[in-house]
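Each remark here refers to the structure printed beneath this line.
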Amino acid sequence: MAHYPATIVSVAPRSTAARAGLRAGDRLLALNGQPLRDVIDVQVYADAADLEFLVERDGTPLTLRARRRYGQPLGLEFAEPLFDGPPRVCRNGCDFCFVAQMPPGLRRSLYLKDDDYRLSFLHGNFITLTNLSEADWQRIGEQYLSPLYVSVHATEPEVRVALLRNPRAGAILEQLRRLLALRVEVHTQAVLVPGRNDGPHLERTIADLAALYPGVRSLSVVPVGLTRWGLHGEGTTDHGPQTAQTGARARVAGLRPYTETEAGAVLEQVLAWQARLRRELGVGFVYPSDEWYLRAGVPLPSLAAYDGALPAVIENGVGMVASFLAEWPRMQARLAAFGGPRQTWVTGTLFAPVLAERAAALSTATGLAVEVVPVPNRFLGETVTVAGLLTVQDVLAALAERAPGDVIVLPAAMFRGPEGRALDDHTVAAVATATGRRVEVSE
């Protein structure tokens, strides 16, 4: 069934919308006389006691009314968060862009380079601020769209312009100060590329952003992610209409990942700043992603090291291991409940050593035999080491080299696509069919 802008897909029972008589399939055209551009407008205009909904039902306009009780949810879920068209796409030309490094032939959503401030507010997507109009700035202030998440990468104008290949990129500090003047809180990230924005450039970036605390709440430092297309420059790629309109292409640019020694040096630099800023600001402020620790062989910190910032930074790969270890008592009970007597746990190569330690502890405590299988990512390239970007075909190749247990446990992060499909469009059922084993999914 096709979904049109502002199509309602569900109405929560006993909610304000349910009492007004709204139904799944209705199109919400206006709320209290206001046209709607996205779900943000719905949230803003629904903040009133008396609500009037203009909907289209089976092609016919219909006005419905309800009084919203204090604390009662509105109760609407929409097919898409944006009603006025697709998300705004990125107009920058970063040669390290992970989306531009994707191989052809995958689902269209994987090639969408969104740079939409509304999705930053709604979902925590990182944006560059290079495509904001004056009307956008006005709306951010009027509707108090806070927090926002900004890809800074470097604060030196000439360095950021070169990284983003966009002459508008150099005004980042001015733009951040403008957001802070609007009382908008900001979480930032710096994706580091060897020789481009690390070393003294990273020093400057940390110092500049820390000077804007507490308006700028955090800085995540992340190593560049490279598929084999980006690493070896296997030609240029053009991924169809959604990225062709941005002129985005994966460039042959001599990109490379950090070595273990370099990762250790970056980690040392960032942790020195973190210790200094903890003394000066009361929080660490700058947080290295887990990959730096794992690549350098340095023990990861506990949850306390992240100063309560994990909800904002964890999707950047920051604090994932600490969060996992904190949740382990609950997780191990669920894993043990999957039964056995033998289980096979599948994960990416980066996380496998951490998971293997937990597997050994669970085996000792319960007698359950557990094997951890690290899966090399041959589809995107073995420099891609995280579990969330594994394909079913690579999982099956790794399992074919051994006799899997009675229960195979797959990472839930693999199946975040439409209808629970992995990058190569296969489902959990494909693993069960190919192996003849019971397959479970766990975070």
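Test of the criteria: in the range 43-100, which chymotrypsin sites (Phe, Trp or Tyr not before Pro) are in a DSSP loop and have at most 15 other Cβ atoms within 10 angstrom of their Cβ? Walk me through the intermediate numbers first.
Values: sites: Tyr45, Phe53, Tyr70, Phe78, Phe83, Phe96, Phe98; in loops: Tyr70, Phe83, Phe96, Phe98.
Sites meeting the loop and neighbour criteria: Tyr70.
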222 nm mean residue ellipticity, helices alone, for the chain (DSSP H n ≥ 4; -39,500 (n - 2.57); rounded to 500)
-9500 deg cm²/dmol
Most fluctuating residue given options Pro200, Pro223, Pro147, as computed from a GNM of the chain linking Cα atoms under 10 Å:
Pro200
Where in the range 1-102 are there trypsin sites (Lys or Arg not before Pro) that are in a DSSP coil and have at most 11 other Cβ atoms within 10 angstrom of their Cβ?
Arg14, Arg69
For the range 322-442, state what percent of all Cα-Cα pairs lands in each successive 5 Å bin, counting from 0 Å until the bin that includes the largest distance.
2, 11, 23, 26, 21, 13, 4, 0
Relative contact order (percent) for the range 322-442, with alpha-carbon contacts under 8 angstrom and 6 or more residues of separation?
26 percent
Rg to Rh quotient for the chain, alpha carbon positions, Kirkwood Rh:
0.98
Sorted by number, the cysteines in the chain with no other cysteine beta-carbon under 4.7 Å are Cys90
Can you compute the charge dipole magnitude of the chain about its Cα centre, using +1 on each Lys and Arg Cβ and -1 on each Asp and Glu Cβ, nothing else charged? Give it in debye, rounded to the nearest 20.
580 debye
Hey, got a sec? Which trypsin sites (Lys or Arg not before Pro) in the range 199-229 land in a DSSP loop and have at most 12 other Cβ atoms within 10 Å?
none
The chain, relative contact order [Cα under 8 Å, separation at least 6], %:
10 percent
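FYI, it's all coordinate maths here, none of it is from the lab. It should be emphasised that the depicted structure is a prediction, and the values quoted were computed from it without experimental measurement. Using ideal geometry, Cβ is built from the backbone for each residue, glycine included, and neighbour counts are taken over all protein chains shown.
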